[in-house]
Amino acid sequence: MEARAELRQVRISPRKVSIVLDLIRNKPVEMAMAILNNTPKSACEPLAKLLKSAVANAENNHNMDVSRLYVAECHVGAGVTLKRIRAKDHGRAHRILKRTSNIVLVVKEAE
């Protein structure tokens, strides 16, 4: 039995999110939440909300024991890229890519 939560179109680059996801993968939920609360990365705030949502889904929708939950799998993919233009020298324009992320977090109950 597993519970999942998804977060779409987060305005953080997937590369930055994956660094934090590597820290919490296969950890108990309490430890993962502590890591997210004490890591100084911008991705930690939306990931903490996502983890709370996954735990709430497990508790309310699947009647799982919250004390035995762990982060079974988590991955991030690229979302829609916002394309912006920045003026450069000699009348040229350079493209700026503002990347977004789609994050999936799955919690399972330990045996």
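Where helices (runs of 4 or more DSSP H) fall wholly inside region 1-82, the ranges with 3 or more residues that are among the polar types (S, T, N, Q) and open to solvent by 20 Å² or more (accessible area, probe 1.4 Å) are 44-62.
Go through region 1-43 and count every residue that is of a type in the set (A, V, I, L, M, F, W, C) and within 19 Å of GLY77 (Cβ to Cβ).
Total meeting the criteria: 11.
Only residues that are of a type outside the set (D, E, K, R), in a strand (DSSP E or B), touching a Lys or Arg at 6+ places or on another chain (Cβ under 6 Å) and over 20 Å from SER42 (Cα atoms): list them for region 98-111, please. Passing the criteria: only VAL106.
No other residue among ASP65, ASP89 is farther than 23 Å from GLU111 by Cβ and over 17 Å from the mean Cα position of the chain (by Cα) apart from ASP89.
Residue check: is ASN102 farther than 15 Å from GLN9 by Cα and not acidic (Asp, Glu)?
Numbers: farther than 15 Å from GLN9 by Cα: no; not acidic (Asp, Glu): yes.
No, not satisfied.
Checked against (1) loosely packed, with under 12 Cβ neighbours inside 10 Å; (2) assigned to a helix (DSSP H, G or I); (3) charged (D, E, K, R), ARG95 meets all criteria but (2).
The values are calculated or read from the model by the stated rules, or taken from the named source; none is laboratory data. Note that this is a predicted model, so its numbers are computed, not measured. So basically every Cβ, Gly included, is an ideal-geometry build from the backbone, and we count neighbours across all protein chains shown. Remember, those area values only see protein heavy atoms, side chains included, never the ligands or the DNA or RNA. Shrake-Rupley method; radii C 1.70, N 1.55, O 1.52, S 1.80 Å.
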